[in-house]
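Quick notes on the structure that follows.
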Amino acid sequence: MNSSLKNKRILVTCGPTWVPIDPMRVISNRSTGTLGKTIARDFAKAGAKVTLLEGPVAEPLRQKGIRVLKFCFFDEFARLIKKELKKKFDVCVHAAAVSDYRIKNAKRTKLSSHLRTVKLTLVPTQKIVHSIKKLNPGLLLVAFKLESTMTRALARKKTQALFRDGTCDLAVANSSEGKNYSGYILDKNKNILAHKRSRREISSALVNTVKDLL
């Protein structure tokens with residue numbers, strides 16, 4: 001057991017968030033929450049006290065010793081993480097695939113299924129990652145950037161805004177296409193601390209990197 005992580009309080013987020021179209025329909029994404037759940041397990045195995053905020057995934061995490069709080073919609077997640085961040089945490093690993101857009105005027109009643117066309121206007125959602133350290137300044141923040149492809153150069157480029165606007169301490173830049181996974185762990189000085197080819201390996205590397213920083 002890593003003694004430096006024993007009893008450290010870790011907040012992990014995972015899975016998609018929904019935004020409503022009408023009372024019956026939603027817009028979502030393809031996140032399975034697999035990486036976030038793996039990270040939660042690895043921190044727990046290392047002796048940390050883990051709270052997982054888990055979106056609407058097909059296979060919810062059920063593991064003794066991990067506190068799991070569920071959400072489905074973007075607004076639920078925003079309220080839940082704000083509430084949790086009022087508590088003492090040493091680390092936040094923000095791996096959830098948060099909706100970037102929402103419907104400008106979501107319908108209050110179900111849209112007819114007989115309409116020939118439906119036009120939806122999307123507007124940006126609040127960037128929750130930007131508010132995490134404002135709500136809990138003392139924690140170490142790990143953010144994620146998912147792209148369709150990822151290289152060392154892209155990892156440095158695509159994570160710049162996370163360090164600048166989100167004041168993150170670490171970032172994971174990754175891509176996943178079928179069974180092909182690639183992930184880079186970077187610090188705020190654009191140093192690449194690890195490059196791994198599987199979610200399990202990137203999770204293990206992230207836990208060890210965080211351990212070294214605490």
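The values are calculated or read from the model by the stated rules, or taken from the named source; none is laboratory data. Just so it is clear, the model here is predicted, and its values are computed rather than measured. Positions of Cβ are generated from backbone atoms using ideal geometry, with glycine treated the same way; all protein chains shown enter the neighbour counts.
Details
- Selection count where residues are more than 13 Å from Ile132 (Cα to Cα) and exposed (fewer than 15 other Cβ atoms within 10 Å of the Cβ), scope region 71-103: 2
- Tallying residues that are crowded, with 19+ Cβ neighbours inside 10 Å, in a loop (DSSP other than H, G, I, E, B) and among the basic types (Lys, Arg) within region 1-54 yields 1.
- Candidate set: region 55-68, residues that are buried (at least 16 other Cβ atoms within 10 Å of the Cβ) and either among the basic types (Lys, Arg) or out of contact with any Gly (no Cβ under 9 Å at 6 or more places or on another chain) (or both); chosen: the one farthest from Val19 (Cα to Cα): Ile66
- His195 meets the conditions (1) in a loop (DSSP other than H, G, I, E, B); (2) more than 22 Å from Leu5 (Cβ to Cβ) in every case but one. The failed one is (1).
- Where strands (runs of 3 or more DSSP E) fall entirely within region 74-188, those with at least 1 residues that are under 24 Å from Lys8 (Cβ atoms) are at 91-94, 140-147, 170-177, 180-187.
- So Leu111, is it over 14 Å from the mean Cα position of the chain (by Cα), modelled with pLDDT under 95, surrounded by 14 or more Cβ atoms within 10 Å (Cβ to Cβ) and among the aliphatic types (A, V, I, L, M): yes
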